[in-house]
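Each value in this text was obtained by applying a stated rule to the coordinates, not by laboratory testing. In this text, all values refer to a predicted model and were calculated from it rather than measured experimentally. For neighbour counting, all protein chains shown are included, and Cβ atoms are generated from backbone atoms with ideal geometry for every residue, glycine included.
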Number of protein chains: 2
Amino acid sequence: MIEFDFVTGNQFKIDEANSALAQYGIQVRKRDDIEKIEIQSTDLETIASAALALVVQKVKGKVVVEDSGLFVHALNGFPGPYSSFVFDTLGIDSILKLLDGAKTRKAEFRSSVAYGEEGKLVAVFSSVTEGNIVTQPRGSNGFGFDPIFAPIWTQKTFAEMEMKEKSVYSHRSKAFSKLALWYLNEGSKKAKIKS
Amino acid sequence: MIEFDFVTGNQFKIDEANSALAQYGIQVRKRDDIEKIEIQSTDLETIASAALALVVQKVKGKVVVEDSGLFVHALNGFPGPYSSFVFDTLGIDSILKLLDGAKTRKAEFRSSVAYGEEGKLVAVFSSVTEGNIVTQPRGSNGFGFDPIFAPIWTQKTFAEMEMKEKSVYSHRSKAFSKLALWYLNEGSKKAKIKS
């Protein structure tokens with residue numbers, strides 16, 4: 001089994017990454033003992049890359065960080081990169097309140113996964129899941145704004161899905177799958193040549 | 001006249017700093033040619049210190065950066081350090097919408113000014129101005145959330161004040177005044193001893 005360190009304090013992210021990576025023979029190991037510095041930016045790839053560039057200097061072996069956010073169209077991309085702060089301060093209902101009377105409830109969850117090894121950022125993988133903000137929170141799985149986001153093609157919110165089902169739709173799962181496919185085709189060759 | 005470089009793209013901040021500093025024989029010079037990296041944190045001193053630590057390596061002489069934010073009590077400190085992003089995405093009216101029905105309209109503007117020289121962070125000065133979120137935006141001076149914030153002791157919003165009046169109340173002016181008093185008493189001695 002190939003193993004990457006994943007610098008995060010969020011167990012949901014660990015579980016979701018492992019759910020997505022299992023079929024590729026890869027798993028992540030939670031590293032919540034390393035400080036992760038996130039910069040302010042509206043671009044998740046920039047945030048993930050900058051965070052990775054710092055943590056990769058403190059970790060031996062292969063390491064990933066992930067940054068994600070909910071971008072609501074009628075709110076010009078709010079809460080975006082600050083979804084965690086907004087969840088902590090305003091909570092879920094605030095998004096519904098702000099969307100009251102909006103012309104569209106379209107939104108997207110975005111995820112960027114940065115991968116590095118040997119002290120350097122190597123690659124960044126991003127994915128987007130489009131969907132809608134529902135009118136009332138539903139479900140108790142997942143975390144953050146999962147109870148108010150339903151991907152297109154389904155009526156279920158992320159919080160109403162079991163991990164396996166969420167993996168089909170999720171921005172994070174898709175970004176980690178991109179990482180896995182790249183790693184098995186390009187990244188591991190690179191690693192083998194080096195070793 | 002003593003001169004500090006002030007790394008910001010915001011002319012209002014330059015004008016306000018100079019309004020506060022003039023009486024101390026100090027002025028700031030706008031430096032919008034240097035990238036300022038802001039980290040994500042709920043603590044403005046942490047953000048200003050980290051930003052200063054990077055820019056001070058790119059500037060000869062004395063340099064300052066400032067970070068500020070509006071912390072609304074009933075919103076658990078939202079929008080706080082992300083006031084600029086929230087202003088750009090949601091606008092002023094969103095704060096009024098979120099506060100609709102709240103038990104208190106108390107809020108505070110916070111400012112942290114970090115000062116450095118010779119490649120190093122030297123000191124950080126912070127100030128807070130308490131006030132209330134008014135029910136309708138008023139005035140056209142200033143920037144950001146100035147039209148909805150009235151300091152205690154006055155009914156006027158920041159946006160209804162001329163610069164001289166705003167200087168009396170403003171979080172930013174008070175933080176820059178602290179910097180000036182420190183500099184004239186301690187900082188310049190230090191600089192003289194060094195030179």
Scan around residue A:40 for amide H atoms under 5 Å from its own, H built in the peptide plane at 1.01 Å from N, and keep only partners 5 or more places away or cross-chain. B:38, B:39, B:40
Report, for residue A:27, each distance to the same residue's label point in the other copies, shortest first and in nm; define the point 7 Å along Cα→Cβ. 6.6
Taking the label point as lying 7 angstrom from Cα along the Cα-to-Cβ axis, what are the distances from residue B:100 to the corresponding position in the remaining copies, in ascending order and in nanometres? 0.4
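Expressed as a rounded percentage, what relative contact order does the range B:2-194 have, with Cα pairs under 8 Å and six or more residues apart?
20 percent
Please report the net charge: other residues with Cβ closer than 13 Å to the Cβ of residue B:72, K and R +1, D and E -1.
Cβ neighbours under 13 Å give a net charge of +2.
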The range A:8-92: which GluC sites (Glu not before Pro) are DSSP loop and have at most 13 other beta-carbon atoms within 10 angstrom? A:35
Sorting from shortest, the nanometre distances separating the label point of residue A:156 (7 Å past Cα along the line to Cβ) from those of the same residue in the other copies are 5.9
Using 7 Å Cα-to-Cβ label points, what is the residue A:136/residue A:27 separation (nm, one decimal)? 4.0 nm
Starting from 0.36 nm per residue, how many nanometres of slack lie between residue B:128 and residue B:153 once their C-alpha separation is accounted for? 7.6 nm
Distances longer than 25 Å among the Cα atoms of the range A:2-194: what percent of all pairs is that? 34 percent
Cα centroids of the range B:119-195 and the range A:5-26: how far apart, whole angstrom? 45 Å
Beta bridge orientation in chain B: antiparallel %, DSSP, nearest 5: 75 percent
Using modelled backbone amide H atoms (1.01 Å from N, in-plane), which distant-in-sequence or interchain residues come within less than 5 Å of residue A:122's amide H? A:115, A:116, A:117
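Relative contact order for the range B:1-98: what is it in percent, counting Cα pairs under 8 Å that are at least 6 residues apart?
It rounds to 24 percent for the range B:1-98.
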Go through the range A:160-167 residue by residue and turn each phi into a ³J(HN,Hα) via Karplus (6.51, -1.76, 1.60, θ = phi - 60°); whole Hz please, and just put x for glycine and proline. 8, 9, 6, 3, 4, 6, 4, 4
Cα centroid separation - the range A:30-62 against the range B:52-76, whole Å: 22 Å
Of all chymotrypsin sites (Phe, Trp or Tyr not before Pro) in the range A:111-195, which ones are in loop regions per DSSP and have a Cβ with at most 13 other Cβ atoms within 10 Å? A:153
